[in-house]
Amino acid sequence: GRDLENSWFSIFDKIFVATQFHKNMIIKNRSIKKDKIKVVGFPLDIYELQKRQKKLKMNLIAFTGRKSIEKGYDKILSLQKAKYPIVVTLDVTKNKEEYYELLSRCKYVISPALQETFGIGIVEGMALGCIPIVPKKLSYPETVGKKYCLYSNIDMKKIIDKLSSLELTIFRKQARKYQYQLVINKILKELR
């Protein structure tokens, strides 16, 4: 993929990415002029998602990632064995409607990923009223907010105790940064 990506980076005038973390990763690993890369966010229909939020939450933790080591699935299995109420959305939903319905009922959304350049499932969860449980690395300080719900080591009891006092509105507001029209307007501004 390196040669293919380097050819894209050489022929395109602008490259749009969702986070500064992703931009820095590209600059470090590919041949590209850094001024070609523009951080604009990832377009999601946050307002539509927020309309689906349920008031009654179940004490569930949603894992929205792929079942791969890079997304931390092995850690999820360990937490499930330790009796944490983690539901793997890929196991129990058949389509986006069911996925959003489940996510809107969960209290938390978790990602122990080793690689993440944005975190779509985490932002969808925040828009649907979930409190994110994410590491203090990768793109998460940008997508979640530097001071919220970031851990160095997974100690679920400590994390959940800390999270129980946080306001959900913090995360709903953070998710709104990725509202479709705002991101598209940033892209259009760069293209002009």
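The values are calculated or read from the model by the stated rules, or taken from the named source; none is laboratory data. Remember, predicted model here, so these are calculated numbers, not experimental data. Cβ placement follows ideal geometry from the backbone for every residue including glycine, while neighbour counts extend to all protein chains displayed. These area figures cover heavy atoms from the full protein model, side chains too; ligands, DNA and RNA do not enter into them. Shrake-Rupley method; radii C 1.70, N 1.55, O 1.52, S 1.80 Å.
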Residue pairs meeting the criteria (Cβ under 6 Å; at least 6 apart or on separate chains; first under 11 Å from GLY41 (Cα atoms) and open to solvent by less than 40 Å² (accessible area, probe 1.4 Å), in segment 165-192; second modelled with pLDDT of 95 or more and not hydrophobic (A, V, I, L, M, F, W, C)): TYR178/GLY41; VAL183/GLY41; VAL183/PRO43
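Check ILE69, ILE76, ILE37 and return the single one that is open to solvent by 70 Å² or more (accessible area, probe 1.4 Å) and in contact (Cβ under 8 Å) with a residue 12 or more places away in the chain.
On the way: ILE76 fails: open to solvent by 70 Å² or more (accessible area, probe 1.4 Å); ILE37 fails: open to solvent by 70 Å² or more (accessible area, probe 1.4 Å).
The conditions single out ILE69.
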Per-region count, segment 40-66, residues closer than 22 Å to VAL17 by Cα and open to solvent by 30 Å² or more (accessible area, probe 1.4 Å): 6
Test: residue in segment 111-123 that is loosely packed, with under 14 Cβ neighbours inside 10 Å and out of contact with any Phe, Trp or Tyr (no Cβ under 7 Å at 6 or more places or on another chain): yes
